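Data block below; observations after.
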Amino acid sequence: MSLPDASTSFTEIEITVQWGDMDAAQHVNNTIYLRWMESARLAMFEKMNKGEIDFNKVGPILAWQDCKYIFPVTYPDTIVLHYNVTEVNGDKIMCEGKMYSKKYQRIVAIGNTSIKAYDFVALKKEDIPSTWINVIKDFYGDSVLVTP
């Protein structure tokens, strides 16, 4: 299985696996995959907003995540992570991240996340701002389901 071709319809990052990412079982610790997803999530917001993320008032926060581990990753390797918005539904943005090993040329994990808007001044959850929805629609086109 070869890695998917790059496209502008998702965010792609490459991550070099570090020796210290491995645990006593001699493979990358499960928590590291979640950190990789966090890096991809921030890269996606930066790419969609041309590097301009304003966390002073309303910003994205992680509400939920899961990860399906498919194949063990070991040092040395490079992970290619594709991160996508899959749906905007009311007060949440659903995303999916697919992680591929360059060394083994295969998928190694799939993660799903739910992102919510949070008002850092009022300290409360907000509806997804219409500006975010417009940016997502402009970036992804019709490939993302948007429901009120």
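Observations, loosely collected:
- Contour minus Cα-Cα distance for residue 86 and residue 103 (0.36 nm per residue): 3.4 nm
- On Cα atoms only, tilt of 30-48 relative to the major axis of the chain in degrees: 40 degrees
- Label point distance in nm, residue 124-residue 68, each placed 7 Å from Cα along Cα→Cβ: 3.8 nm
- With one equal scatterer per alpha carbon and no solvent term, the Debye-computed log10 I(q)/I(0) for the chain at 0.18 1/Å reads -1.04.
- DSSP beta bridges confined to the chain are antiparallel in about 95 percent of cases.
- Diffusion coefficient, µm² s⁻¹, Stokes-Einstein with Kirkwood Rh over alpha-carbon pairs of the range 13-99 at 25 °C and 0.890 mPa s: 170 µm²/s
- Value of [θ]222 nm, deg cm²/dmol, for the chain, DSSP H segments ≥ 4, -39500 (n - 2.57) each, nearest 500: -6500 deg cm²/dmol
- Relative contact order for the chain: 27 percent, from Cα pairs under 8 Å spaced at least 6 residues apart, divided by residue count.
Each reported figure results from applying straightforward, stated rules to the coordinates on display, with no laboratory input. Since we're looking at a predicted model, the values are computed, not measured. Neighbour counts are summed over all protein chains in view; Cβ atoms, including those assigned to glycine, are modelled from backbone coordinates with ideal geometry.
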